[in-house]
1. If you check every pair at least six apart or on different chains, which have Cβ atoms under 7 Å apart with a residue in the range 123-137 that is part of a loop (DSSP other than H, G, I, E, B) first and a residue that is of a type outside the set (Gly, Ala, Ser) and surrounded by fewer than 19 Cβ atoms within 10 Å (Cβ to Cβ) second?
2. Whether any residue in the range 85-105 is in a helix (DSSP H, G or I) and touching a residue at least 60 places away in the same chain (Cβ under 8 Å) is what I want to check.
3. Do you know which residues across the range 184-202 are within 19 Å of Ala135 (Cβ to Cβ) and out of contact with any helix residue (DSSP H, G or I) (no Cβ under 9 Å at 6 or more places or on another chain)?
4. Which of the residues spanning the range 60-116 are over 30 Å from Leu45 (Cα atoms), among the acidic types (Asp, Glu) and surrounded by fewer than 19 Cβ atoms within 10 Å (Cβ to Cβ)?
5. Do we find a residue being in the same structural domain as Gly225 (by TED's automatic domain parsing), closer than 18 Å to Val220 by Cβ and crowded, with 19+ Cβ neighbours inside 10 Å anywhere in the range 145-154?
6. Pairs only if they're at least six apart or on different chains, beta carbon under 8 angstrom, first in the range 224-249 and not assigned by TED's automatic domain parsing to the domain that holds Gly124, second modelled with pLDDT of 95 or more and surrounded by fewer than 17 Cβ atoms within 10 Å (Cβ to Cβ); list them, first residue then second.
7. Looking at Ala161, Ala125, Ala118, can you tell me which residue is at pLDDT 95 or above, touching a strand residue (DSSP E or B) at 6+ places or on another chain (Cβ under 8 Å) and under 24 Å from Lys50 (Cα atoms)?
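The values are calculated or read from the model by the stated rules, or taken from the named source; none is laboratory data. On a predicted model such as this, the values are computed, not experimentally measured, just so you know. Note: ideal-geometry Cβ built from the backbone for every residue, glycine included; neighbour counts use all protein chains shown.
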Amino acid sequence: MKQFVLIRSFRPFTLFCAVTVAVCAVTAAVCVHRAEATAAVKSGLPLKGKIIAVDPGHGGPDPGAIGVTGTAEKEVNLVLAKKLKRLLEEKGAVVVMTRDSDKAFSDVKKEDLDHRAAIVKKSGAELFLSLQCNAVPNSALRGGQTFYFPGSDKGKRLAEAIQRRFVTKLKNTDREALTLSSAYIMSALDIPAVMVEVGFLSNPEEEALLKDDGYREKIVAAIYGGIRDYYREEKDAPSWLPFGAGRDKTP
């Protein structure tokens, strides 16, 4: 029996149709994504659908830094984290706290941090913020400082957005966001992660401010503003797949 071999000829029109369909699908996805984002903003819930992890640094037997009049860092961190959680939830976000009381998961620091990182990973959070206070021998230093893990582009953009808000809203610093490779918990996560040092407990005036409820509200508003700015920048950034690259692989 004679064997026949079917030879398919190249058809430019077929290829054109396939490419057109693919481009239309991507364009439609972009339009839907932007429409949903716009609707969320108009509804007063600009963070709707976002899952954000907030970590009040230290806790339990680990007080963190101690202010000049005895203020424990762990207490300031927890109060600020609860205020931030409330504000973010009002704006539509789902907020995951690594602790919501004065506790630690282990007396061993690495084990405690590993437990917190596990909470964040299990939650499916897309951003991580660890709230901390600073303290140094020089009591004149003051102001907020935001850090990100080296090599994390999205972490850098988030840190820069929050730091800009500290500069413009709190008006007590002109620092820029910096890298911090020694923060173990940031290195353990594969999402944009920042460490927010809200002020210096070693500065008497700033310690008093960090205990003032009105000033705490300003700090929280500045952090929220930075998060909003970050998401705006992400939304406006050109992307073929707006729903892709959701995770920022941190080395």
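1. Gly124/Ile51; Ala125/Ile51; Ala125/Val96; Glu126/Ile51
2. Within the range 85-105, one or more residues are in a helix (DSSP H, G or I) and touching a residue at least 60 places away in the same chain (Cβ under 8 Å).
3. Matches in the range 184-202: Glu197, Ser202.
4. Asp62, Asp102, Asp107, Glu111, Asp114
5. Filtering the range 145-154 for residues in the same structural domain as Gly225 (by TED's automatic domain parsing) gives 145-154.
The next check asks that each one be closer than 18 Å to Val220 by Cβ; those that pass are 145-146.
Filter again for crowded, with 19+ Cβ neighbours inside 10 Å, leaving 145-146.
Yes, the range 145-154 has at least one match.
6. Pairs that qualify, where the first residue is not assigned by TED's automatic domain parsing to the domain that holds Gly124 and the partner is modelled with pLDDT of 95 or more and surrounded by fewer than 17 Cβ atoms within 10 Å (Cβ to Cβ), are Arg247/Asp190; Asp248/Asp153; Asp248/Asp190; Lys249/Asp190.
7. From the options Ala161, Ala125, Ala118, the qualifying one is Ala125.
To keep it simple, each residue is scored yes or no on (1) under 20 Å from the mean Cα position of the chain (by Cα); (2) under 17 Å from Asp62 (Cα atoms).
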| residue | (1), (2) |
| --- | --- |
| Lys109 | no, yes |
| His115 | yes, yes |
| Ile119 | yes, no |
| Lys122 | yes, no |
| Leu129 | yes, no |
| Gln132 | yes, yes |
| Pro137 | no, no |
| Arg142 | no, no |
